[in-house]
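Notes for the one structure printed next.
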Amino acid sequence: MHKLNFLWQIISNITLIRYFLDKFSINVSLFYYYFEALTNDLYSRHDVNSQDYKTILLGPEDIKKITTMPGRSDMEGYLLQRMNEGNLCFGIIHEGELIAFTWCALDKFPITEINIPLKKDEAYLFDAYTLDSYRGKGIAPYLRLEIYKKLDEMGKKKLYSVSDIFNTPAIRFKKKLNAKILKLILVINFLNRRNFRIILKRYNSKT
């Protein structure tokens, strides 16, 4: 009971805590750690006309398409480095335009918050983005399901992702995918040099 009260106190005061610690270059984040998987139920429920959209694996020649998308501010060199490190980027093309993409890590979690190795049958999904004009049309879930299928063909059966607990759109998106919360993780970053991860809660989610 005391542990639950402590957890609630952290969550309810996280905004104030972040504001105070940011002044000392200390960043605090709370993440849900998810397990995702392809299921027949999910595939039968998406309502996107797949004939109108083409899912492709993006290459270095496509990086500029990402950096010039409205709402993005990525540096081309940064994304090329991300790709050179072995991360994959799948996108959806509609009428010749890149309208959505999602990155996949195959070797290790590419973010400093959870920088751990991935097993041969695991992958991590991150940095999903859809153009504003295509949001609310089922594009993001459709792309996710296409990625599930392609990663499954590569032997990647266990898929993971994280979402900030205050990112309401991301939480709703994960619910649509029937993603299972495995952990609630507190991450403390000191001066952008060192991270501390604390698992505040483990959920009884079977994978």
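The values are calculated or read from the model by the stated rules, or taken from the named source; none is laboratory data. Being a predicted model, the structure only gives us computed values, none of them experimental. We place every Cβ from the backbone using ideal geometry, glycine too, and count neighbours over all the protein chains shown.
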Item to check | Any pair with Cβ under 8 angstrom, 6 or more apart, that starts in segment 70-81 at a residue that is without any contact (Cβ under 8 Å) to a residue 12 or more places away in the chain and ends at one that is hydrophobic (A, V, I, L, M, F, W, C) and surrounded by 10 or more Cβ atoms within 10 Å (Cβ to Cβ) | outcome: Asp74/Ile66
Checklist outcome for this item: Only one of (1) more than 25 Å from Ile56 (Cα to Cα); (2) among the basic types (Lys, Arg); (3) in a loop (DSSP other than H, G, I, E, B) does not apply to Lys119, and that is (1)
Item to check | Total residues in segment 76-107, condition touching a helix residue (DSSP H, G or I) at 6+ places or on another chain (Cβ under 7 Å), surrounded by fewer than 19 Cβ atoms within 10 Å (Cβ to Cβ) and not in a strand (DSSP E or B) | outcome: 3
Checklist entry - Do we find a residue being assigned to a strand (DSSP E or B) and more than 30 Å from Phe196 (Cβ to Cβ) anywhere in segment 65-73? => result no
Item to check | Extreme residue, surrounded by the fewest Cβ atoms within 10 Å (Cβ to Cβ), among residues of segment 146-184 that are aliphatic (A, V, I, L, M) and over 14 Å from the mean Cα position of the chain (by Cα) | outcome: Met154
Item to check | Residue in segment 78-92 that is small (Gly, Ala, Ser), at pLDDT below 95, under 21 Å from Pro117 (Cα atoms) and within 19 Å of the chain's Cα centre (by Cα) present | outcome: yes
Checklist entry - Quick one: would you say Ile116 is without any contact (Cβ under 8 Å) to a residue 24 or more places away in the chain, among the hydrophobic types (A, V, I, L, M, F, W, C) and within 27 Å of Ser29 (Cβ to Cβ)? => result yes
Checklist entry - Within segment 150-171, is even one residue modelled with pLDDT under 90, touching a helix residue (DSSP H, G or I) at 6+ places or on another chain (Cβ under 6 Å) and either outside any strand (DSSP E or B) or not hydroxyl-bearing (Ser, Thr, Tyr) (or both)? => result no
Next on the checklist: Go through segment 145-201 and report how many residues are touching a strand residue (DSSP E or B) at 6+ places or on another chain (Cβ under 9 Å), among the β-branched types (Val, Ile, Thr) and free of Cβ contacts under 8 Å to residues at least 24 places away in the same chain.
Outcome noted: 2
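Does segment 184-191 contain at least one residue that is at pLDDT below 95 and assigned to a loop (DSSP other than H, G, I, E, B)?
Yes, some residue in segment 184-191 is at pLDDT below 95 and assigned to a loop (DSSP other than H, G, I, E, B).
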